[in-house]
Every structure is written in C-alpha cells, then in structure tokens.
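Asker: I have a structure I would like to understand better, so I am pasting it below and will then ask my questions one at a time.
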Amino acid sequence: MSHAWLDPEEVGRLARGMEEWFGVPPEVIEGYAWVRRGEALCALAPEARPWAEAYPASAVGLKAFKEVGAAGPKLTSRGAQVLGRWATRRVVDVGEEDLRGLVEGRSLPWDGPRGPVILRTQGVAVGMGVLRDGHLLGQLPRSVTEHLQFGQRGGAL
C-alpha cells in the first residue's frame, strides 16, 4: 500500500501559504511529513513515515488542512491547535465569554480584514474562526467544542 505523500514542492507551497496568511515560519510546516487523504492534508512526524505505510490511509496523520479547490488548502481547527502556537498574524484572542458565544453559534462584532483567523484563548490556539462583514464567527467543529468546560477554575480549557 502506498500513500499519497506530498512532494517537496507541494510542501513548499503549503509552507509559503501559512507564512503569508498566519506568519508561521516555513520550517514549521517543512518539519512534518505530509500525506494527502482524500481532500485532507495530514501531518505526521517525519520519523513516523516508514511505519505509516503499514496502516490504511484513513488512519495516518492529523487532518491539518482541507483542500477547497482554487482557494487552496484551508487550515482546520485541529491544524490550528497544533500549528497556531507559531502564528503571528490573523490571530484573534478571545476571552471565555466570547469563546462561549462563538461555541454557541453567536457572532461577535469585530474589526479586521475578512477571512480566516486562528482563535486563541488564554494564549492557547483553540481552532478557527472567520471575520466577515465586521463580525467574528466561530468555525469550531463539535469534536473540538464538546469537551470545553466553561466557568471552571482556570477558564475554558
């Protein structure tokens, strides 16, 4: 069984896109092995690549990006949780109450350029959001939000 590993040129494009949008240094992206799994781009430690061939493609790597046609790869909430600590641009820091609102499906008035942003609370990247028409909307899947506990000592994590 052979997986669809991204070649160095594809990884380079992914790295340049993350640097341009989020300020993530290219070497962070280049430090992972990348495999295509349907429309997903999945990351795994490079030392795991040799044994990954023994597993089905559906069991390999963390889904960090979703390919969305001409728009290019879109960072997933899981990808933001792993890669977001290096982001220096397009990061929105929200408090616990704002995060709760986003989780509950409310939008927040927010200024900034349109497009995707990494949501961070208490210095920790929790997932993705989008700025649209002066509002911040959460794009946090249930698999990310179902384990959040609000109002606990230490906050929403």
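The values are calculated or read from the model by the stated rules, or taken from the named source; none is laboratory data. Everything numeric here is computed off the predicted structure, so don't read it as measured data. Every residue, glycine as well, gets a Cβ built from its backbone with ideal geometry; the counts of neighbours run over all protein chains shown. In case anyone asks, the SASA skips ligands and DNA or RNA and just uses the protein heavy atoms, side chains included. Shrake-Rupley method; radii C 1.70, N 1.55, O 1.52, S 1.80 Å.
Asker: Over the range 72-119, what percent of the accessible surface lies on carbon and sulfur atoms, probe 1.4 Å?
Answerer: Here it works out to 49 percent.
Asker: While we're looking at this one, here's another question. So how strong a dipole does the range 22-115 carry about its Cα centre when Lys and Arg Cβ are +1 and Asp and Glu Cβ are -1, to the nearest 20 debye?
Answerer: In debye, rounded to 20, the range 22-115 gives about 260.
Asker: Can you classify the range 65-134 as rounded, prolate or oblate using the Cα gyration tensor, where a ≥ b ≥ c are the square roots of its eigenvalues, rounded means a/c under 1.5, and otherwise it's prolate if a/b beats b/c and oblate if not?
Answerer: It is oblate, given that a/c is not under 1.5 and a/b is not larger than b/c.
Asker: Which label marks the calculated value of Rg and Dmax of the Cα atoms in Å, given the options (i) 16.3, 49; (ii) 18.6, 60; (iii) 14.7, 49?
Answerer: (i)
Asker: Nearest 500 deg cm²/dmol is fine: what mean residue ellipticity at 222 nm does the chain get from its DSSP H runs of n ≥ 4 alone, each adding -39,500 (n - 2.57), divided by its residue count?
Answerer: -7000 deg cm²/dmol
Asker: Karplus couplings for the range 41-48 from phi (6.51 cos²θ - 1.76 cosθ + 1.60, θ = phi - 60°), rounded to Hz, Gly and Pro as x?
Answerer: With coefficients 6.51, -1.76 and 1.60, one gets 10, 10, 9, 8, 4, x, 6, 8 Hz.
Asker: For the range 123-129, in order, what is each residue's ³J(HN,Hα) by Karplus, 6.51 cos²θ - 1.76 cosθ + 1.60 with θ = phi - 60°, in whole Hz (x at glycine and Pro)?
Answerer: Working through the residues one at a time gives x, 10, 6, 10, x, 10, x Hz.
Asker: How big is Rg to Rh over the range 1-71, alpha-carbon atoms, Rh as the Kirkwood inverse-mean-distance radius?
Answerer: 0.96
Asker: Looking only at GluC sites (Glu not before Pro) in DSSP loops with at most 15 other Cβ atoms within 10 Å, what is the longest site-free stretch of the chain?
Answerer: Looking at the chain, 54-103 is the longest stretch - no exposed GluC sites (Glu not before Pro) with at most 15 other Cβ atoms within 10 Å.
Asker: Then there is this: Can you give me the long-range amide H partners of Gly127? Hydrogens built in the peptide plane at 1.01 Å from N, cutoff under 5 Å, separation of 5 or more residues or another chain.
Answerer: Leu119
Asker: Next up: How many percent of the accessible area of the range 14-70 is carbon or sulfur, using a 1.4 Å probe?
Answerer: Whole-percent figure for carbon plus sulfur exposure: 56.
Asker: Moving on. Where does helix 8-22 land angle-wise versus the long Cα axis of the chain, in degrees 0 to 90, nearest 10?
Answerer: 10
Asker: In the range 93-147, which trypsin sites (Lys or Arg not before Pro) fall in coil by DSSP and have 13 or fewer other Cβ atoms within 10 Å?
Answerer: Those that pass, being in a loop and sparsely packed, are Arg106, Arg114.
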